[in-house]
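Shown next, in structure tokens, is the structure this report addresses.
The values are calculated or read from the model by the stated rules, or taken from the named source; none is laboratory data. On a predicted model such as this, the values are computed, not experimentally measured, just so you know. Reconstructed Cβ throughout: ideal geometry from the backbone, glycine too, with neighbour counts over all protein chains shown. Please note that ligands, DNA and RNA were not included when accessible areas were found on the heavy atoms of the full protein model with its side chains. Shrake-Rupley method; radii C 1.70, N 1.55, O 1.52, S 1.80 Å.
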Amino acid sequence: MNARTNSMNIIEGELERITYFNEQTHYTIAHLKTAVAVTPVTIIGFLGGIQPGETLKVSGSWETHPKFGQQFRVKNCEVTLPATIQGIKKYLQSGAVKGIGSRLADRLIKHFGDKTLEIIEKHPEKLTEAEGIGKNKALLITEAWNEHHVLRGLLNFLQDMGIKTTYGAKIFHLYGRQALQILQETPYRLAEDIPYAGFQMADTIAKKLGTQNDNPVRIIACIFHALELYANEGHTFALKNHLAIRCEHLFKIPQDAVHKQIESLSESGEVFVEKINLDKDEVRNFEFCDDTPEFSDTSFSDTSMVYRKSLYVAENSVASRMVALVSIPVEPAQRDADFIHKQIHHELGIELSPAQSAILKDIFSRKAAIISGGPGTGKTTLIRAIAAAFKAMNQKVILGAPTGRAARKLSEVSGEKAFTIHRLLGFTYSPENSGQSYFGRDQDNPLEAHVIIIDEASMIDTILMYHLLNAVPLTSRLILVGDIFQLPSVGPGNVLSDLIESDIIQVYYLNEIFRQAQKSTIIINAHKVLKGEFPDVDTCMDNQGLTDFYFLEQHDPKKVADTIVSLCCEILPKQYSLDPFSDIQVISPMHKGDAGTINLNGLLQKKMNRSTTQAEVLGNTFKFGDKVMHLKNNYQKDVFNGDIGIICSMNINQKIFSVNYDGRIVEYDHAETDELTLAYAISVHKSQGSEYPAVILPMTTQHYMLLQRNLLYTAITRGIKLVVIVGTQKAMNIAIRNNKPHRRLSGLSFRIKRNI
């Protein structure tokens, strides 16, 4: 057997043994016996379907592991079945084909010789010619062979299509033995089953298989993918004409063809189309991603709304449930409000302000209410008082928040047990049932509470509000608490603002900054920003008269990044006795650029983490001890979007590592690392619902597209003891003056008004 290596990084040899194989991801570590090397070559990569005894021709790159030495990372793999009797015997006895053991292998080889594998693969009907093999046994051998080779065929197909084989395991687990047939016949199923990335793979495969741009199946897949893009940008629907323009721009589909398929999807009930009255200026205020082309005047001839079914149902349900909730008369309070006020003062030691007292007295007459206010205005104190007041009336009160971080913070400051909304609603993930999930609490099994208080309500998106309201009994009261000046939810919708705009719910505003909060320059400056004023800042950090708010002028974005690294790793830990990992959080308006999260994470990781234990996975470098963030809700692991932890253990060989989230250890394998990112620097959006002892914020004109007042305000209010802004006054002034944040496409407000 010949083996070779050359400048193209191609190796050929016999697979000697497999030292590690992950059944979920098909990540493999194996030894390849070549004619060139004295010792077997260690190969690593996604190599499902290979077995000892096979001849492999692999292409990829050499790399040196600090512990295990030289390894060959496989990008593509071609498999050749053994041709000699000795090789075939070794191959079958390795267990490659289930059901074929040593004795059966001997009988097959005795009868078919070096044609044994060819008979199994191409002429399985002849297997019964061998001694001791009946029809049932032949069928079992054939099925086992087909199952073994379907993965290999799938991976080869993906390689031919130019798709990363890292997705092979996920696709195989989705579709099983039908995977290759499904990709060849109905590739756009990937777009439905693997969010976002699935469409890119499906479209690549379909085009290479000859699908034309204007094929109706492709157009429908493109429409749904575009609607997914809108949802990722926060919109609950798309404007019909703009959707057509976007599909033409992104997918090269004629607008007329898009309109035709939208009509077809509307008739079948897969999307919902409704007319909305908007003028050109209103539409231009909506927020779209960077790849959106400029609107033309003709794009306003039809401003119909196009919804995906799930968001249409959710938005309508939120509107009707909220109208139903507030329409039910309120039972009169069992005790006098003044008596309850005095009792709260006696039991909790809380001295309410006149504004807080007025809210407490009035809220007994409300079925639903919103309490809004900035930092230091007493929202949490009022939550404690309201909860205590209803408890004094023997009513059960539940406290909740959208995220685990927000729920923990609410528990700490209120002294009451608080839960995530998902936990309140009994969310369950069922991996054994095709990964289906459901909420245990709904209209048929509602929450058991007289009063439900939800903090950080600005973070609630349309889908989560839909499930929450489904579980709120119409006999209960619902109180939403949040800061409407913060950034809206990451998910689609603008729920809190839309509820306020609908004018169906009593809204209480807390504007007075309490005396103790007045000592915080952070809180004072947050309110200054809200008023459109430049904050009071200290521009020099030294050891004399340390304050809690600094602005450091720096015009060069690269020097901004260097300054942030110095602040995080040297200056702040020394002057303020802060732990760079647990006390300091860098927050950036965007991901790209010198002062974006991507570059800052690379710089901070290099400076803060000198560990040599690291793993290169899916294009990212993770080290032992890294600060990482979970990127999407994973209910199976009970980890949620925005949770931050520390990598506490790593198995470099198997590329499995564990993350410590406040004392709870969660394990990740190789394929799950796309759910993690470095968290030395995070986006302002990801910081919502969290507070940190110290915050460092870059503000440069590189961030021009995202420089808005509510973004700056949100970032400032994340800091508890210290905020340091590094950048230019010009960028700060742009953000402060820009008080017209881009609107989201959301129909909740007018749907509520229509239901009244």
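Data overview
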| quantity | calculated |
| --- | --- |
| Any hit, region 512-522, residues being among the polar types (S, T, N, Q), closer than 30 Å to Phe237 by Cβ and open to solvent by 30 Å² or more (accessible area, probe 1.4 Å) | no |
| Hits in region 185-195 - residues which are surrounded by 14 or more Cβ atoms within 10 Å (Cβ to Cβ) and not in a helix (DSSP H, G or I) | Pro187, Tyr188, Ile194 |
| Looking only at region 690-702, and only at residues there that are buried (at least 24 other Cβ atoms within 10 Å of the Cβ) and not aliphatic (A, V, I, L, M), the one that is nearest to Leu552 (Cα to Cα) | Pro698 |
| Conditions (1) open to solvent by 10 Å² or more (accessible area, probe 1.4 Å); (2) in contact with a helix residue (DSSP H, G or I) (Cβ under 8 Å, 6 or more places away or on another chain); (3) among the polar types (S, T, N, Q); number of the one not met by Thr428 | (2) |
| In region 572-611, residue most open to solvent (accessible area, probe 1.4 Å) [restricted to those that are part of a loop (DSSP other than H, G, I, E, B) and among the polar types (S, T, N, Q)] | Ser577 |
| Residue in region 638-653 that is more than 27 Å from Lys409 (Cβ to Cβ), buried (at least 17 other Cβ atoms within 10 Å of the Cβ) and modelled with pLDDT of 85 or more present | yes |
| Which numbered condition Thr303 misses (of (1) crowded, with 18+ Cβ neighbours inside 10 Å; (2) at pLDDT 90 or above) | (2) |
| In region 343-375, residue surrounded by the fewest Cβ atoms within 10 Å (Cβ to Cβ) [restricted to those that are acidic (Asp, Glu) and in a helix (DSSP H, G or I)] | Glu347 |
| Top-ranked residue in region 395-424 [being open to solvent by less than 30 Å² (accessible area, probe 1.4 Å), over 30 Å from Ile340 (Cα atoms) and of a type outside the set (S, T, N, Q); ranked as modelled with the lowest pLDDT] | Gly404 |
| Residue within region 226-233 that is outside any helix (DSSP H, G or I), of a type outside the set (S, T, N, Q) and under 20 Å from the mean Cα position of the chain (by Cα) present | yes |
| So Lys67, is it open to solvent by 20 Å² or more (accessible area, probe 1.4 Å) and at pLDDT 85 or above | no |
| Test for Ala226: is it under 24 Å from Leu174 (Cα atoms), at pLDDT 95 or above, of a type outside the set (Lys, Arg) and open to solvent by less than 50 Å² (accessible area, probe 1.4 Å) | yes |
| In region 710-752, residue farthest from Ala526 (Cα to Cα) [restricted to those that are open to solvent by 30 Å² or more (accessible area, probe 1.4 Å) and among the basic types (Lys, Arg)] | Arg743 |
| Gly198 being of a type outside the set (Asp, Glu), within 28 Å of Ile253 (Cβ to Cβ) and either open to solvent by less than 20 Å² (accessible area, probe 1.4 Å) or without any contact (Cβ under 8 Å) to a residue 24 or more places away in the chain (or both) | yes |
| Meets criteria (in contact with a strand residue (DSSP E or B) (Cβ under 8 Å, 6 or more places away or on another chain) and among the polar types (S, T, N, Q)) for Thr42 | yes |
| Arg384 open to solvent by 30 Å² or more (accessible area, probe 1.4 Å) and closer than 20 Å to Asp638 by Cβ | no |
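Yes/no per residue for (1) among the aliphatic types (A, V, I, L, M); (2) modelled with pLDDT of 90 or more; (3) surrounded by fewer than 21 Cβ atoms within 10 Å (Cβ to Cβ):
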position	(1), (2), (3)
Arg477	no, yes, no
Val481	yes, yes, no
Gly493	no, yes, no
Glu501	no, yes, yes
Gln506	no, yes, yes
Ile524	yes, yes, yes
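Conditions tested, residue by residue: (1) charged (D, E, K, R); (2) on the phi < 0 side of the Ramachandran plot; (3) under 22 Å from the mean Cα position of the chain (by Cα).
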{"site": "Gln178", "(1), (2), (3)": "no, yes, no"}
{"site": "Gly210", "(1), (2), (3)": "no, no, no"}
{"site": "Thr236", "(1), (2), (3)": "no, yes, yes"}
{"site": "Ser266", "(1), (2), (3)": "no, yes, no"}
